[in-house]
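Read through the structure below, which is laid out as structure tokens, and then see the notes.
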Amino acid sequence: AELSESLQALSGRAKSAAAHITTIKNFQDRVNGHCDGLAAEVERQCGELLKAVQEARTRLLHQLHMEREATNKIYRDQSAGCTRRLQQTTALVQFCIEAIKEPDPAAFMQMGPQLIGRVSDLDLTWDKELSSSSIRKSPYIDLDLDHKQQLRTINCFNFVHMKPPGIPEFLAEECTGENNAVLATWSPHPTSRVQGYVLEISDGSGDFKEVHRGPEVTCTVEGLHFNTVYQLRVKSYNSSGVSGYSESVSIRTSATAWFSLDRSLSHPECKLLNGGAGVTCESYEHRTALASVGFSRGRHYWQFTIDSYDANADVVFGVARSNNNKEMMLGNDALGWGMYIDHKRSWFIHGAAHHGRYEGGVAKGSTVGILLDMNHCTLTFYVNDEQQGEVAFSEMSGLMYPAVSVNRNVTVTLHTSLDPPGHSDYDSQSDT
């Protein structure tokens, strides 16, 4: 019984050893397969290097040929010019020698001053041409070739021992905020092989959200809130694992917004001017143009100046969702809020419903201001820095884009990043 028990234990070890041997053999097969794959990768990458060298050789020889032709053409042109000048000079010298032989003094005195002038002019022309900086005086072309750096790189071409990458590092001086977007730039760990990066962002709540994944070392995150400090962190990864997170970097978006009208968010018949700083339209029907930036919180004020205006026209200013109907007047659907105004009066419009008629219109040179206060969820309009009626709309929420509707004979110019007129008690309560 004791012997049987010992044999069972020993038999179990034998089975484990057999399984271990099978695993080792499998590993050998996998090693062979992996090495074959690496050999194929060596062939592929070396083939790419050889192809790049051949292409560089062809390009450099072509560049040298073009430089040779251009330089030789310069010398041929200079030689032809000097030959023409030499022929003119030789002919004048021979003519002057014959003139000196003139036996009649009176005849010589008649032609002598002209010949002296021609000789002097030709002499000055020679001096100017010979001293001209355009004349090439070097037998060499201004090119050289140095392959040492590339050769060192090729000599360092070697296998990399795979392991999880080190922690990347932000380049703080290149991380900036502009408008409602932030630009983050980082560098990899100096001794790591990296296949890609994961960038995460937080608005200060402590929860990070992934906003970028890929091999790039720079990323612009758009559509953020204005006047907000964002925390960003990044990590790197390869086939062996993932690094830890970098130290976070803080980037603040702009306190106020500057923006322009956006071609992709505007009706095709809207003609944007000066890179989106203004808009006009040839259509008799109203066409809507939207700005490049939307707002979901904060307090923002911008103005339109009326550059050209037909008194029979209505101009509509306001805000809209990005997917509003741009074929019709702003405010004629449920996705637009506006004030349409002529030369005498104005109305507020949303969902094709009108309210709030107020006296006081616009003319060429007038300014119309729009105050979108997402802190208090209101939209207010100003004409020539005077508030037009009461608060036009309340309960504003979501992402709102500045918008304008124009038709034929109307041109307006946009002005952004402005302070609203006046300092009422209501204004002083705003959290900008």
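Which of Gly166, Cys35, Val194 sits closest to the plus end of the dipole of the chain, meaning its Cα is farthest towards the positive end, when Lys and Arg get +1 and Asp and Glu get -1 on the C-beta?
Cys35
Evaluate the charge dipole of the chain about its Cα centre and quote only its size in Debye, nearest 20, assuming +1 on the Cβ of each Lys and Arg and -1 on the Cβ of each Asp and Glu.
I would put it at about 1580 debye.
Would region 66-180 count as rounded, prolate or oblate if I go by the C-alpha gyration tensor, calling it rounded below 1.5 in a/c and otherwise prolate when a/b exceeds b/c, oblate otherwise?
prolate
With every protein chain kept in place and ligands, DNA and RNA left out, what is the accessible area per residue of region 113-261? Probe 1.4 Å, answer in Å².
66 Å²
Give me the distance between the Cα centres of region 388-404 and region 305-366, rounded to whole Å.
First find each Cα centre; the distance between them is then 12 Å.
Once the principal axes of the Cα atoms of region 129-240 are found, what is the range along each, listed largest first in whole angstroms?
Reported extents, whole Å, longest axis first: 75, 43, 18.
Under the 0.36 nm per residue contour assumption, what length would be gained going from the current alpha-carbon distance of Ser205 and Ala9 to full extension?
Stretched fully, the Ser205-Ala9 segment lengthens by 64.6 nm.
Tell me the Rg and the Dmax, in Å, that the Cα atoms of region 166-302 produce.
Computed over the Cα atoms of region 166-302, radius of gyration and Dmax are 19.2, 65 Å.
Quick one: Cα centre-to-centre distance for region 248-297 and region 152-195, in angstrom?
35 Å
Quick check: from the Cα gyration tensor, does region 299-405 come out rounded (a/c under 1.5), prolate or oblate?
Verdict is prolate for region 299-405.
For the chain, set up a GNM with springs between Cα atoms under 10 Å and report which of Glu169, Glu178, Glu48 has the largest fluctuation.
Taking springs between Cα atoms under 10 Å, the residue moving most is Glu48.
Testing the spin-label approximation: label points 7 Å from Cα along Cα→Cβ at Ala363 and Glu390. State their distance in nm.
3.1 nm
With a 1.4 Å probe and every protein chain kept in, tell me what percent of the accessible surface of the chain is carbon plus sulfur.
The value for the chain is 53 percent carbon and sulfur by accessible area.
At 1.4 Å probe size, put Phe170, Phe108, Phe317, Phe157 in order of accessible surface, largest to smallest.
Phe157, Phe108, Phe170, Phe317
Could you tally the net charge around Leu272, taking each other residue with its Cβ under 9 Å from the Cβ of Leu272, Lys/Arg +1 and Asp/Glu -1?
+1
Could you tell me which residue out of Pro103, Thr23, Ser264 lies farthest along the dipole of the chain toward its positive end? Charges go on the beta carbon: Lys and Arg +1, Asp and Glu -1, centred on the Cα centre.
With unit charges placed on the Cβ atoms, the residue in question is Thr23.
Hand me the GluC sites (Glu not before Pro) from region 189-245 located in a DSSP loop with no more than 14 other Cβ atoms within 10 Å, in residue order please.
Within region 189-245, the qualifying GluC sites (Glu not before Pro) (loop, at most 14 other Cβ atoms within 10 Å) are Glu216, Glu222.
Does the chain classify as rounded, prolate or oblate by the C-alpha gyration tensor (a ≥ b ≥ c root eigenvalues; a/c under 1.5 gives rounded; else a/b over b/c gives prolate, otherwise oblate)?
Since a/c reaches 1.5 but b/c is at least a/b, the shape of the chain is classed as oblate.
With a 1.4 Å probe and every protein chain left in place, work out the accessible area per residue of region 295-335 in Å², rounded to a whole number.
I get 36 Å² per residue for this part.
Would you please report the Å³ per residue occupied by the convex hull of the alpha carbon atoms in region 231-390?
About 163 Å³ per residue, rounded to a whole number.
For Ala40 and Leu60, what is the calculated FRET efficiency with R₀ set at 22 Å and r taken between the beta-carbons, to the nearest 0.05?
Here the calculated transfer efficiency is 0.15.
Beyond 24 Å between alpha-carbons counts as too far, so tell me which of Lys163/Lys235; Lys51/Lys148; Lys271/Lys364; Lys209/Lys235; Lys15/Lys163; Lys209/Lys326 fall in that bin.
Too far apart for the 24 Å limit: Lys15/Lys163; Lys209/Lys326.
Once the dipole of the chain is set up with Lys and Arg at +1 and Asp and Glu at -1 on Cβ about the Cα centre, which of Leu399, Gly389, Leu7 lies farthest towards its positive end?
Final value for the positive-end residue is Leu7.
The values are calculated or read from the model by the stated rules, or taken from the named source; none is laboratory data. The structure presented is a predicted model; accordingly, all values stated were derived computationally and were not measured. Here Cβ is always computed from backbone atoms with ideal geometry, including for glycine, and neighbour counts include all displayed protein chains. SASA here: full protein model, heavy atoms, side chains in, ligands and nucleic acids out. Shrake-Rupley method; radii C 1.70, N 1.55, O 1.52, S 1.80 Å.
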